[in-house]
1. Within segment 40-74, find all residues whose amide N lies under 19 Å from a label point positioned 7 Å from the Cα of Met19 along Cα-to-beta-carbon.
2. With the crude spin-label approximation of a point 7 Å out along Cα→Cβ, what separation in nm comes out for Asp68 versus Trp33?
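A short reminder: the numbers here are calculations on the coordinates, not readings from a lab. What you are looking at is a predicted structure, and each value in this text was computed from that prediction instead of being measured. Glycine also receives a Cβ, built like all others from the backbone with ideal geometry; neighbour counts cover every protein chain displayed.
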Amino acid sequence: MTRRMDESGPAGGAPGRGMVGAAAGMALGFAGWFGGFGAFLVVASLGAVGWFAGHLVDRGTSLREFLDAVAGRRP
């Protein structure tokens, strides 16, 4: 029995987490290979900052709201 799939990936046509992880891994690999360990660390840290910013945007949280929650202040 063959299973038919209309689309690959999650609903909405967005790339899945596996594809994003693979792209990040390849970027880190290229940075480490061509630029050395320092470039690897720079790419990894900028990737972490980008992931964090994307996570805040996905949740609908502004940076000010996040910093207020971390500091323990309530609006």
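1. Under cut-off, by backbone N: 51, 54-55, 58.
2. 4.7 nm
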